[in-house]
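Structure first, commentary second.
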Amino acid sequence: MPERSRNKPEWQIRIAKERIDILFSEAVKTKDTHLRKRYMRLAKKIGMRYNVRLGEKKRLFCSHCFHYFGAEAKRRLKNGKIVIACPGCKRIARQVYK
Ligand SMILES: [Zn+2]
């Protein structure tokens, strides 16, 4: 059984990042929430597979149901944290505010 290396070749990581960027830009363009969720799920999958951190992009979707927040989600600042009520699954996502 071949050993699975955690470090992917540079070019693969570059392509993975590009694909993630494309998925996010497509999510902005479409109004279809199911399609958006699919894009978000895919982006996370790619990120995990190629060890690409989503970084700031992580804040753009729900970690529970992959609902893309965009501008529609209500964001509140509470005790130095951003509190987002997900319109998709009604769960609360807390993010550290930088
Ligand atoms: Zn959600």
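The values are calculated or read from the model by the stated rules, or taken from the named source; none is laboratory data. Bear in mind the structure is a predicted one, so any value in this text is a computation, not a measurement. Cβ placement follows ideal geometry from the backbone for every residue including glycine, while neighbour counts extend to all protein chains displayed. Side chains included, ligands, DNA and RNA excluded: accessible areas come from the protein's heavy atoms. Shrake-Rupley method; radii C 1.70, N 1.55, O 1.52, S 1.80 Å.
Axis angle, to the nearest 10 degrees, between helix 33-49 and the longest C-alpha principal axis of the chain: 40 degrees.
Taking the accessible area of region 1-93, probe 1.4 Å, and keeping the other protein chains in place, the carbon and sulfur fraction comes to 52%. The charge dipole of region 10-96, taken about its Cα centre with unit charges on the Cβ of Lys, Arg, Asp and Glu (plus for the first two, minus for the last two), comes to roughly 420 debye. Within the chain, the GluC sites (Glu not before Pro) that combine a DSSP coil assignment with at most 10 other C-beta atoms in a 10 angstrom radius are Glu3, Glu72. Among the listed pairs Lys29/Lys81; Lys8/Lys57; Lys17/Lys81; Lys31/Lys90; Lys29/Lys90; Lys44/Lys90, those with a Cα-Cα distance over 25 Å are Lys29/Lys81; Lys17/Lys81.
Build a GNM of the chain with springs between Cα atoms under 10 Å apart, and of Leu54, Leu77, Leu35 the one that fluctuates most is Leu77.
The calculated 222 nm mean residue ellipticity attributable to helices in the chain amounts to -13000 deg cm²/dmol, summing -39500 (n - 2.57) over DSSP H runs of n ≥ 4 and dividing by all residues.
For region 9-52, which trypsin sites (Lys or Arg not before Pro) pass both filters: DSSP loop (anything but H, G, I, E, B) and at most 10 other C-beta atoms within 10 Å? Passing sites in region 9-52 are Lys31.
Between rounded, prolate and oblate, where does the chain land on the alpha carbon gyration tensor, with a ≥ b ≥ c its root eigenvalues, rounded for a/c under 1.5, else prolate if a/b exceeds b/c? Because a/c hits 1.5 or more and a/b exceeds b/c, the chain counts as prolate. One decimal place: the segment Glu56-Lys78 gains 6.0 nm when fully extended, by the rule 0.36 nm per residue minus the C-alpha distance. The relative contact order of the chain comes to 20 percent, based on Cα pairs under 8 Å that sit 6 or more residues apart.
Cβ-Cβ distance of Lys45 and Arg91, R₀ of 25 Å, FRET efficiency by 1/(1 + (r/R0)^6): the value works out to about 0.75.
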